[in-house]
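Just below is one structure, and these are the notes that go with it.
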Protein chains: 4
Amino acid sequence: MIIQVRKNIPQHHIDSLLELVSGIAVDMQDNKYIITPSGIKTLPGQFDDITQHHWVFDSDIQLSDPAFMTKRAVNLGHGFIGGDLRNTVLIFGPCAVESAEQINSSAVLVKSLGHKILRAGSFKPRTSPYSFQGMGLEGLRLLRETGDKYGLKIITEVRDATHVEEVIAYGDIIQIGAKAMYDHGILRRCAKTDKPVLIKRGFGTTLQEFVQAAEFILSGGNENVILCERGIRTFESKTRFTLDLCGVAWLKNNTNLPVVVDPSHAIGYAYGVPDLARACMAMGVDGLLIEVHPNPKEARSDAAQQLDHQSFLQLHESLKTVANAVNRNII
Amino acid sequence: MIIQVRKNIPQHHIDSLLELVSGIAVDMQDNKYIITPSGIKTLPGQFDDITQHHWVFDSDIQLSDPAFMTKRAVNLGHGFIGGDLRNTVLIFGPCAVESAEQINSSAVLVKSLGHKILRAGSFKPRTSPYSFQGMGLEGLRLLRETGDKYGLKIITEVRDATHVEEVIAYGDIIQIGAKAMYDHGILRRCAKTDKPVLIKRGFGTTLQEFVQAAEFILSGGNENVILCERGIRTFESKTRFTLDLCGVAWLKNNTNLPVVVDPSHAIGYAYGVPDLARACMAMGVDGLLIEVHPNPKEARSDAAQQLDHQSFLQLHESLKTVANAVNRNII
Amino acid sequence: MIIQVRKNIPQHHIDSLLELVSGIAVDMQDNKYIITPSGIKTLPGQFDDITQHHWVFDSDIQLSDPAFMTKRAVNLGHGFIGGDLRNTVLIFGPCAVESAEQINSSAVLVKSLGHKILRAGSFKPRTSPYSFQGMGLEGLRLLRETGDKYGLKIITEVRDATHVEEVIAYGDIIQIGAKAMYDHGILRRCAKTDKPVLIKRGFGTTLQEFVQAAEFILSGGNENVILCERGIRTFESKTRFTLDLCGVAWLKNNTNLPVVVDPSHAIGYAYGVPDLARACMAMGVDGLLIEVHPNPKEARSDAAQQLDHQSFLQLHESLKTVANAVNRNII
Amino acid sequence: MIIQVRKNIPQHHIDSLLELVSGIAVDMQDNKYIITPSGIKTLPGQFDDITQHHWVFDSDIQLSDPAFMTKRAVNLGHGFIGGDLRNTVLIFGPCAVESAEQINSSAVLVKSLGHKILRAGSFKPRTSPYSFQGMGLEGLRLLRETGDKYGLKIITEVRDATHVEEVIAYGDIIQIGAKAMYDHGILRRCAKTDKPVLIKRGFGTTLQEFVQAAEFILSGGNENVILCERGIRTFESKTRFTLDLCGVAWLKNNTNLPVVVDPSHAIGYAYGVPDLARACMAMGVDGLLIEVHPNPKEARSDAAQQLDHQSFLQLHESLKTVANAVNRNII
């Protein structure tokens, strides 16, 4: 249950009620709210005096529920996604920062197409200790410098809580990876910034758990949360993962958060990325994350799934046509 | 391995070689072929004299492999899908034939939109013995009569081998349902007709097995096979199934068969069907199967996922716009 | 809901009530029952006069529910499994009948260990048309002759409805395979025999659907139904399937049917079968189905997962020890 | 590839070769090793002079591969598990430390049965921000004090990298939870202690990735790694997860690490835990993790799956009998 507290209620009164229900206090836009565990379905009598309004929920999807707040818009700096806008942001770039030359080439591509955000990873969450682990802090700095040089925002991934400070300090949009999205160390820290946070769905994560991860950040005080579907693990092994567009339809219908899709990680092979990207655009998603590398064959990670620049240019043209057909505005 | 036999080789010679490799003989378009198990990777010496050409495959996807034959086109009567055409067929109608009035209303909708195929089930593969099982042969006849009345082709599902004769006799396109697609009684019988056969992927079926089911029909002599993705079973339970569009991308890239998608069964809820249908159109699928009912609330099966006529009309308009954007022709 | 009808109610009265609720009539052990769809949660007023007793259920697991009838015992001929007995039947033999010599060798093994049931398949539900499809009716006859020669019961699989008559005619226990368990043609026919029917769970089948398949047979009049878990399809590909022993625990707790496990198909590799078989025995399952072949390397199907006779003899010894520890009696 | 370096090779020579192959250096038991990415399948010529022995592997399962080292034994303080011993450790206790009284009661149970390890969580990786999050550092201290009071070792979970120092400082065995097992911050830090580390398999984690997580710790210098299967996420929703005992059989056959099983989290309901625990014992696992609470109904997390003390005592008796049957020694 979310309880909106009347104005001018003394804090100590709120505090004692909070304790009573093991609730969490959240301040949003000049209002105070108390969020209780979802098990509480009726307004406790003691709250009558302080309650301006209250909302009851079936589950711990509360702040994300459209019944509490209609579609949320998130400001990316150069424009908003979500809300009642019809903007779709295109975010692309290589899997990982590998060298100054490589990331520079990626930035030039972004710039030349009139886009504003550069993506690349620096702390790679590899499953093997014996493969390329990313350039770490050095790569993060390189990405920041490159972004500044071209006037681009950067989005990069935090892998674990040991470097969350650095990623928040250097990045413009913070990406929480699929393997890290249950990490309380990351989630709680991201709740204390106001930079936009893009959470990728874990490949073994239910939609319920996915949105609940967003609730950690929202209830901690950061309202700028973006959800990103990137494929779930199923019995099918011909493709790397299975892109869950039924899940995207559910998220659009049942939450108030912007929804972005990453088709590259989902299928894991470049051949299918253009078709899937167009499909997502036709669904009206709020953004696309696409892996593009100046020379995919030489990529030190995810080589099979990255588009080369030429292929991306073709895709880009067709995305504009589809966006137009479904009345979306690419930003 | 597929071996194309030279002209004028005596049949008894072919037969003795067939036995040698446990092969299957297939006649297609004036040519004779021998198909061996995929384990055979080099042309056995005895075949040198009779071999016009041969193709080696990694797996038992052989006749469906684009290396053997580029994209196949299937004739639906009023037009082709597949091949190098850019046609997308729209097939819609109720889950089940329930009454003359209901199926008549559905036929009027199809006719009024200028489409040519009416879909409805009559032998329903329900998982419970205590729910509506379909109208059976009576429903099949009603569907046939309604199709004839409005000049529409009909597509309907065969549930098990006990009524496969009747479905082939009455239907124009034979649908093999997700739960029946391993059924040799059905597959082998459908190989002996030349009517188009649409195979739905089982919800626990790998892409490999799915295409191998098509190989039963192709190798039995019927070249008019259509694949239909309709959602697989995963850990996610907020939606009925998980539509596997990565799988569709794989099928388009790795087989020569037309690929159709059924978004209604995948998500299981009407709210998501329009978005998913537009996504499939933007991917360039060869067809869409959509459940539409004159009065979904009264439907005796799949009530939650059927669109009403008004919603379908809106979807239909937007599908035309998306088709246009990706240069597809709706038939 | 299951309604037990009072004695001496005229049939026409029952029939009119059946129609009213779209119910099914079942005669069991001198009683008449009416089974309604599970949606009906309260006894309709018109039934007051004829109702001896009634049971309400959450779902269409009705005749299998322990609230309706405590554990059912099924007679295999030489002994019972299920009920409040603590018997575990060992059923073993090759995947498929391949030759007279091979099946004879298997029968000798069964006989020599004092067991009473020989298993082998003759209509193989292969997913590829280009691999060994089983010996068909010839194999079925050979299996029957071999069983008779050694005084053994036989269990064999029905693949589709086209040969269900023959399998029922020749077999002692009818096995419905994992790919055929939704097949109404098979289920409805097996309801009309009184031979025991062992239903294997489909690899994409929920426990709910699995038990509902049993309800088809039970409600059709055959009370001798055995459930068999044989592995479900998951994202893990190092093993062929994933044996669902949590599911077995659920079935034991939530149904009244005997539960048998097939570890061979689950893991798909002989090395793990002994450990898994001992695990199942320690859980107290009602039976084990194990693939054993005189010469696994030469097997024409499932070669990797079949135990040779020597390995099986060792396993057999250890199963006796484990059975003793958990107070089970091997039959 | 693992390369064992000859004695007396100068470090600078090793270092330059390491760089050449992007390798990792590991010191184990007076020997130096170089581990290369698995892509390297033949010994590079430059290594000839320094190589004592080398092993080639198919994948990045290297230090865990039985071809490199036969079964590893891990010292728990009061005894070893793994190796060629036949010991099975029983680890039990509540899901979470909730109060001094509660954890004291649990310790008394452990002590009274002659066992040596107390388990409980203090940093709970809950998926909702609105439910009980564990007692944190306070709970950790309480657990340590209780362990000391009764002379018990403690095992407790690290949730994220922000408190990994504290868990290593206070704990005797470090548990990495299913949601944290990809966390490099945790894995790399645990590699620098020599305390035993028990890694739980993520519910969406393949066996390959699971063992590769162990490789992070092994290659970082800590050889005391234990694997724990606790159920994977599948389409089945009647149970919380699906216990993967096929996977356990694979791990026993394909790795050299001790394998422990947690049946409580797998099924998620107390009714099935005893059967599953006996099954695991019969399989010959190296340990069992079982949730036991003095009063499960009052538990603040995982209430449904915790056994009460009385039920556990019964299970404990039967585990001794099964252990005896399969020649295992409970420690």
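The values are calculated or read from the model by the stated rules, or taken from the named source; none is laboratory data. Given the structure is predicted, the values throughout are model-derived calculations rather than measurements. Positions of Cβ are backbone-derived with ideal geometry, glycine not excepted, and every protein chain shown enters the neighbour counts. Side chains are part of the model used for accessible areas, which takes the heavy atoms of the whole protein and leaves out ligands, DNA and RNA. Shrake-Rupley method; radii C 1.70, N 1.55, O 1.52, S 1.80 Å.
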If one takes the accessible area of chain D alone plus chain A alone and subtracts that of the pair, with a 1.4 Å probe, what total in Å², rounded to the nearest 100, results? 2900 Å²
The answer for C:ARG6, listing residues at least 5 apart or on another chain whose modeled amide H is closer than 5 Å to its amide H, is C:THR51, C:GLN52
Sequence neighbours fewer than 8 away in the same chain don't count; with that in mind, list the lysines whose C-alpha is under 18 Å from C:LYS71. C:LYS252
Taking the full set of protein chains and a 1.4 angstrom probe, give the accessible area of B:ILE81 in square angstrom, rounded to the nearest 10. 0 Å²
Mind running the shape call on the protein assembly as shown? Use the C-alpha gyration tensor, a ≥ b ≥ c as the square roots of the eigenvalues: rounded below 1.5 for a/c, prolate if a/b tops b/c, oblate otherwise. rounded
Here region B:309-314 yields Karplus 3J(HN,Hα) values (6.51, -1.76, 1.60; θ = phi - 60°; whole Hz; Gly and Pro given as x) of 5, 4, 5, 5, 4, 5
Helix D:136-150 versus the longest principal axis of chain D: what is the Cα-based angle in degrees, 0 to 90, to the nearest 10? 80 degrees
In degrees, nearest 10, the alpha-carbon axis of helix A:11-20 is tilted away from the dominant principal axis of the alpha carbons of chain A by 80 degrees
Lys and Arg at +1, Asp and Glu at -1: add these up for the other residues within a Cβ distance under 10 Å of A:TYR130 and post the number. -1
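If the only charges are +1 at each Lys and Arg Cβ and -1 at each Asp and Glu Cβ, what is the size of the charge dipole of region C:50-112 around the Cα centre, to the nearest 20 debye?
On the way: 4 positive and 6 negative charges, 60 e Å.
Here region C:50-112 has a charge dipole of around 280 debye.
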Per residue of region B:258-263, what does 6.51 cos²θ - 1.76 cosθ + 1.60 with θ = phi - 60° give for ³J(HN,Hα)? Whole Hz please, x for Gly and Pro, Karplus curve as stated. x, 10, 10, 10, 10, x
Quick check: the distance between the Cα centres of region B:2-44 and region A:92-142, to the nearest angstrom? 53 Å
Reach of D:LYS149 by Cα under 21 Å, taken over lysines that are not fewer than 8 positions away in the same chain: D:LYS111, D:LYS116, D:LYS195
When only C-alpha pairs under 8 Å and at least 6 residues apart count, what is the relative contact order of chain D, in percent? 17 percent
Counting only protein heavy atoms, what percent of the accessible surface of the protein assembly as shown is carbon or sulfur at a 1.4 Å probe? 46 percent
Give me the one-decimal nm value for the distance between modelled label points at D:ALA303 and B:ALA303, 7 Å along each residue's Cα-to-Cβ direction. 3.3 nm
Estimated inter-spin distance, B:ASN104 and A:GLN11, nm [label 7 Å along Cα→Cβ]: 7.4 nm
Along the charge dipole of region D:17-85, which of D:LEU76, D:VAL56, D:PRO44 sits closest to the positive end, that is, farthest toward it, with unit charges on the beta carbon of Lys, Arg, Asp and Glu (+1, +1, -1, -1)? D:LEU76
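Do any trypsin sites (Lys or Arg not before Pro) in region C:190-277 lie in a DSSP loop with no more than 13 other beta carbon atoms within 10 Å, and if so, which? Write out the running numbers ahead of the final one.
Details: sites: C:LYS192, C:LYS200, C:ARG201, C:ARG230, C:ARG233, C:LYS238, C:ARG240, C:LYS252; in loops: C:LYS192, C:ARG201, C:ARG230, C:ARG233, C:LYS238, C:ARG240.
Here the trypsin sites (Lys or Arg not before Pro) that fit, given the DSSP loop and packing criteria, are C:LYS192.
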Residues losing 30 Å² or more accessible surface upon assembly, region D:12-61, compared with the chain by itself, 1.4 Å: D:ILE24, D:ASP60
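If you take the square roots of the eigenvalues of the alpha-carbon gyration tensor of region A:139-257 and sort them as a ≥ b ≥ c, do you get rounded (a/c under 1.5), prolate (a/b over b/c) or oblate?
On the way: a/c = 1.86, a/b = 1.43, b/c = 1.30.
Taking the square roots of the gyration eigenvalues as a ≥ b ≥ c, region A:139-257 is prolate.
Quick one: net charge of A:LEU118's neighbours, Cβ under 12 Å, K/R +1, D/E -1?
Once all neighbours under 12 Å are counted, the net charge is +3.
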Most fluctuating residue of A:LEU18, A:LEU142, A:LEU90 in a GNM of chain A with Cα springs under 10 Å: which is it? A:LEU18
With heavy atoms of protein chains only and a 1.4 Å probe, what residues of region B:151-176 have at least 10 Å² less accessible area in the full set of chains than alone? B:ARG159, B:ASP160, B:ALA161, B:THR162
For the charge dipole of region B:112-188, defined by +1 on Lys and Arg C-beta atoms and -1 on Asp and Glu C-beta atoms about the Cα centroid, which residue among B:SER112, B:SER122, B:MET181 has the Cα displaced farthest towards the positive pole? B:SER112
Roughly how many debye, to the nearest 20, is the charge dipole of the protein assembly as shown about its Cα centre, given +1 on each Lys and Arg Cβ, -1 on each Asp and Glu Cβ, and no other charges? 0 debye
Could you check which residue among D:GLN62, D:GLN310, D:GLN102 shows the biggest mean-square fluctuation in a GNM of chain D with a 10 Å Cα cutoff? D:GLN310
Considering protein heavy atoms only and a 1.4 Å probe radius, which residues within region C:274-318 exhibit an accessible-area decrease of no less than 50 Å² in the full assembly relative to the chain by itself? C:ASP275, C:ALA282, C:MET283
Whole-Hz couplings from phi, Karplus 6.51/-1.76/1.60, listed for region D:63-77; x for Gly and Pro: 5, 8, 7, x, 5, 7, 8, 5, 2, 8, 9, 10, 8, 8, x
Mind checking the dipole of chain D: about its Cα centre, +1 per Lys or Arg Cβ, -1 per Asp or Glu Cβ, Debye to the nearest 20? 600 debye
For chain A, take the longest principal axis of its alpha carbons; what is the angle in degrees between that and the long axis of helix A:100-112, to the nearest 10 within 0 to 90? 70 degrees
Determine the percent antiparallel among the DSSP beta bridges restricted to region A:10-159, to the nearest 5. 60 percent
Return the long-range amide H neighbours of B:ILE232 (sequence gap of 5 or more, or a different chain), with a cut-off of under 5 Å between placed amide H atoms. B:THR242, B:LEU243, B:ASP244
Within-15-Å neighbourhood charge of C:ALA325 [Cβ basis; K, R +1; D, E -1]: +4
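Helix-only estimate, please: 222 nm mean residue ellipticity of chain A, summing -39500 (n - 2.57) across DSSP H runs of length 4 or more and dividing by its residues, to the nearest 500.
Details: 10 runs with 109 residues, N = 331.
After summing the helix terms and dividing by residue count, I get -10000 deg cm²/dmol.
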Once both label points are put 7 Å beyond Cα along the C-beta direction, the C:LEU137-D:GLN46 separation in nm becomes 7.2 nm
Could you sort D:MET69, D:MET283 by their accessible area in this structure, using a 1.4 Å probe and putting the largest first? D:MET69, D:MET283
Which shape class, rounded, prolate or oblate, goes with region A:221-331 when its Cα gyration tensor gives a ≥ b ≥ c as root eigenvalues, a/c under 1.5 marks rounded, and past that a/b bigger than b/c marks prolate? oblate
For region C:256-317 versus region C:165-236, the gap between their alpha-carbon centres in whole angstrom: 20 Å
Of C:VAL197, C:VAL26, C:VAL158, the one that fluctuates the most in a GNM where chain C has Cα springs shorter than 10 Å: C:VAL26
What accessible surface, in Å², does a 1.4 Å probe find on C:LYS32, ignoring ligands, DNA and RNA and rounding to the nearest 10? 80 Å²
Pull up all non-local amide H partners of C:GLU291: gap of 5 or more, or a different chain, and H-to-H distance under 5 Å with H placed in the peptide plane. C:SER264, C:LEU307
Taking only protein heavy atoms into account and a 1.4 Å probe, give the accessible area per residue of chain D in Å². 34 Å²
Any chance you could look up the accessible area of B:SER237 with a 1.4 Å probe, heavy atoms only, rounded to 10 Å²? 100 Å²
